[in-house]
Amino acid sequence: MSTIIDLSDIRDGKIKDLAGQDLSRLDLSGADLSGADLSGANLRTNLRGADLTGANLTNADCRNADLRGAVLSDVQAKNVSLAGAFLAGSVLSHLDLTGVDLRGCDLRGATLVGTILQQADLSNTNLSGADLSQADLEEAILNGAILKGTNLTNANLLCAQVEQAIIEGTFLDKTCIEGTPLD
């Protein structure tokens, strides 16, 4: 016997257990997914402006998802796949995104204050105007990244890779850049 799930119940936050579900064909823009279990879910969809506060995104597939303006505060994000995701203007503060694949993401104007991005792959990512103050980017890969006007105040860039990165007008006040070749 199969259960029919009403999209409005998902959008309104009435259904919180969506672990392992394929939600790729749904428009979840503006949805209330706060506290939802989305572990292992296919979220390659429109999540623009969605509230994912406190959600479990462990092993979720968010590749190429539209997360512009989404709130991802306090999410569990171990092994989440975000490659190619549109995250411009999103709030990703104080998350542990250690080793997460963010290659080719659009993070223009995003807020990543205090976020742990150790060993994360941010190759070819657009971080123009993003706030990465107090972020931990130790051993992160920023090759080919665009960092125009990015705030890296009090950030840790220890041994980060920045080959062919565009670093113009970036705020580096009190930033640890030891072992990171900034030309």
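The values are calculated or read from the model by the stated rules, or taken from the named source; none is laboratory data. On a predicted model such as this, the values are computed, not experimentally measured, just so you know. Cβ sites come from the backbone with ideal geometry, for glycine too, and all protein chains shown count toward neighbours.
Per this entry, Ile15 is not counted among residues that are at negative phi, outside any loop (DSSP other than H, G, I, E, B) and either at pLDDT below 95 or out of contact with any helix residue (DSSP H, G or I) (no Cβ under 7 Å at 6 or more places or on another chain) (or both). The listed residues are Ser24, Ser39, Ser34, and the only one of them that is surrounded by fewer than 17 Cβ atoms within 10 Å (Cβ to Cβ) and touching a residue at least 12 places away in the same chain (Cβ under 8 Å) turns out to be Ser24. Considering Gln134, Gln164, the condition of being surrounded by fewer than 21 Cβ atoms within 10 Å (Cβ to Cβ) and under 12 Å from Thr115 (Cα atoms) is satisfied by Gln134 alone.
As for the stretch 149-158, it holds at least one residue that is in contact with a Cys (Cβ under 8 Å, 6 or more places away or on another chain), outside any loop (DSSP other than H, G, I, E, B) and farther than 19 Å from Gly89 by Cβ.
Contact map, the stretch 142-163: first residue acidic (Asp, Glu), second residue assigned to a loop (DSSP other than H, G, I, E, B) and modelled with pLDDT of 95 or more, Cβ cut-off under 7 Å, separation 6 or more or different chains; pairs are Glu163/Asn143.
Among the residues making up the stretch 61-110, those that are hydroxyl-bearing (Ser, Thr, Tyr), in a loop (DSSP other than H, G, I, E, B) and either in contact (Cβ under 8 Å) with a residue 40 or more places away in the chain or buried (at least 19 other Cβ atoms within 10 Å of the Cβ) (or both) are Ser90, Ser93. On the basis of being assigned to a loop (DSSP other than H, G, I, E, B), of a type in the set (Gly, Ala, Ser) and either under 21 Å from Ala65 (Cα atoms) or touching a residue at least 40 places away in the same chain (Cβ under 8 Å) (or both), does Ser123 make the cut? In short, yes.
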